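Okay, so here's the structure we're looking at.
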Amino acid sequence: MPGPRPPGAPWLSLLLLALAVAPEDLALASMVPLELLKNPSARCLDGSPGGFYHQPALDPAQSDKWVIHLQGGGECSTGGQCGRHLHTAVGSSKFFPPAVNFSFDPTAVNSPPSRARYDLGGVYRGKSAPPRQGLGRREWTAFGWWLLGDTPAINPHMWGWNHALVPYCSQDLHSGQREDPVHVDELPAVYFAGHIIVASVMDALDARGLRNASTLVFAGNSAGGMGVFLHIDWVADRYPSARVLGAPIAGFYFYSWEYEGPDVAPGECNDLSDFSYRAWPRMWALWDSFVDHSCALELDDRPWECMLANVSYPHIDSHLFITQAQTDQVVIQEHDCVPPPVNGTSLGWSPTARRYVSEWHRNMSLALSPAALNKSKMDGVFNPACYVHTNFTARYPLIKGYSFMDLLKKWMGGWWKNVLQDACGELCNPTCNPP
């Protein structure tokens, strides 16, 4: 793979930024305002307009490089599930933060800025709550901003690029193409327009230089990571002059097989949708989902199978860098109904649950092993033996001393070792969580 352009001098970029912003408010340069979409079909679950946050490149030398990130946040396919999201930041732009802070580093002792800040869950971090405070299910920036962070400390290799965040409010894995509302059980009208939102954000960013990008990293976490697999070839076709790379985080899914051990708790899996083989035809039809075109052509009468990366990956032509835990905590607990381990280790499970998780770990490890990947593409993989979901940062987890950001940079530069995968067993990487 051809290497990226050499980066500009970081000290020069910081000096230019300092000249543009008062010294005491330097950190506030990272407060990026919400922009709502004008396309009337680009709607959140509740019908409110979708939106995005765009931060122009802080390093002038990187002004033709972009990271676009699709936010995660579950999905819904029943009235009960969708109803729980309608009045949160993952179902309505009414609860989006008016601005977000791409410098926020929850792992730092003194994370800038010192005054009020928001994370994307809508949680206000100030002395008093503003009128537009929104409370999401969880704090989506609990582990930083991944490749959107705008300081070298939290995003050492892409901090100075253009950053665009697509907040997730459609609950359809960013795949829906419905322009009209649909009934879901007792809910009279909800919208599934995730793909329309993604396309509308790209339209808006084209006018700001995206159309002339030299490099575009299309990233996402969890449901957003699933959206990367669905869209990456479409994005590459849209920007033929750019080097387009996919970077899904916790988005490599296969069909779920619900755990039925004696220790499963009643109602353990009510919040997220059924990802079993039998459930996907209905969800694909409900959302009118956009899927990878080549995969859909190949499978013909079963396009809904292309919703999952384990099926679609062999049909994707674009280069991908896949970041995925060998045992995904959210998938195992919330999709597959395995109770959480009592003490956070494999010893905290019953023997039945341990056998289930061991087989799950084996399936994921094999799916992402070099033998299973398309060797001609030299796709990248960072696959630690951790029990986590999206908590990947510049500091942890590490494999052979490298974070996922370190390996991504080397992979983009053409490093021959494109796959780092723990081989120590289950839940055995000592760097999975912060010290």
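The values are calculated or read from the model by the stated rules, or taken from the named source; none is laboratory data. Every value quoted in this text rests on a predicted model; they were computed, and no experiment measured them. Glycine also receives a Cβ, built like all others from the backbone with ideal geometry; neighbour counts cover every protein chain displayed. Protein only, heavy atoms only, side chains kept; ligands, DNA and RNA dropped before computing areas. Shrake-Rupley method; radii C 1.70, N 1.55, O 1.52, S 1.80 Å.
Return the inverse of the average 1/r over all pairs of distinct C-alpha atoms in the stretch 231-326, which is the Kirkwood hydrodynamic radius, in Å to one decimal.
Roughly 15.2 Å, rounded to one decimal.
Under 5 Å between amide hydrogens, which residues at least 5 positions from Ala247 or on another chain qualify, with H placed 1.01 Å from N in the peptide plane?
Phe218, Ala219, Gly220, Phe321
Principal axis lengths of the stretch 376-429 from Cα atoms, whole Å, largest first?
Result, largest extent first: 29, 21, 18 Å.
Over what distance in Å are the Cα centres of the stretch 391-432 and the stretch 186-215 separated?
After rounding, the separation between the Cα centres reads 31 Å.
What order do you get for 309-317, 426-434 when each peptide is scored by the mean count of other beta carbon atoms within 10 Å, highest first?
By packing density, highest mean first, the sequence is 309-317, 426-434.
Cross-chain or 8 or more residues apart, Cα under 14 Å: how many lysine pairs in the stretch 341-418 fit that? Count them up, please.
So the count works out to 5.
Once the other residues with Cβ under 11 Å from the Cβ of Gly194 are scored (Lys, Arg +1; Asp, Glu -1), what is the net sum?
Once all neighbours under 11 Å are counted, the net charge is -1.
Under 10 °C and 1.306 mPa s, how fast does the stretch 211-252 diffuse according to Stokes-Einstein, given a Kirkwood radius computed over C-alpha pairs? Answer in µm²/s, whole number.
157
Using only Cα atoms, figure out Rg for the stretch 301-395 and give it as a multiple of 2.2 N^0.38 Å.
Here the Cα radius of gyration is 1.21 times the empirical estimate.
Pop out the carbon and sulfur fraction of the accessible area of the stretch 304-435 as a percent, whole number, probe 1.4 Å.
C and S atoms contribute 55 percent here.
Ignoring ligands, DNA and RNA, what accessible area per residue does the stretch 270-311 give at 1.4 Å, in Å²? Before the final figure, lay out the partial values.
Details: 1940 Å² over 42 residues.
In whole numbers, the stretch 270-311 has 46 Å² accessible per residue.
Using the Karplus curve 6.51 cos²θ - 1.76 cosθ + 1.60 with θ = phi - 60°, work out ³J(HN,Hα) for each residue of the stretch 177-186 in order, rounded to whole Hz, and write x for Gly and Pro.
In residue order, the calculated couplings are 10, 7, 8, 10, x, 10, 8, 10, 6, 7 Hz.
Could you pull out every residue, at least 5 positions away or on a different chain, whose amide H is within less than 5 Å of the one on Gly51? Hs are placed 1.01 Å off N in the peptide plane, and Pro or chain starts have none.
The list, which skips near neighbours in sequence, is Leu37.
Taking 20 °C and 1.002 mPa s as the conditions, I'd like the Stokes-Einstein D for the stretch 321-366 in µm²/s, using the Kirkwood hydrodynamic radius from alpha carbon pairs.
196
Please sort by residue number the trypsin sites (Lys or Arg not before Pro) in the stretch 306-375 whose DSSP state is loop and whose Cβ has at most 14 other Cβ atoms within 10 Å.
Lys375
In whole angstrom, and with the biggest value first, how far do the Cα coordinates of the stretch 163-315 range along each principal axis?
Largest to smallest, the principal-axis extents are 56, 36, 31 Å.
Just the accessible area for Val342, please: 1.4 Å probe, Å², rounded to the nearest 10?
Only protein atoms counted, so the area is about 130 Å².
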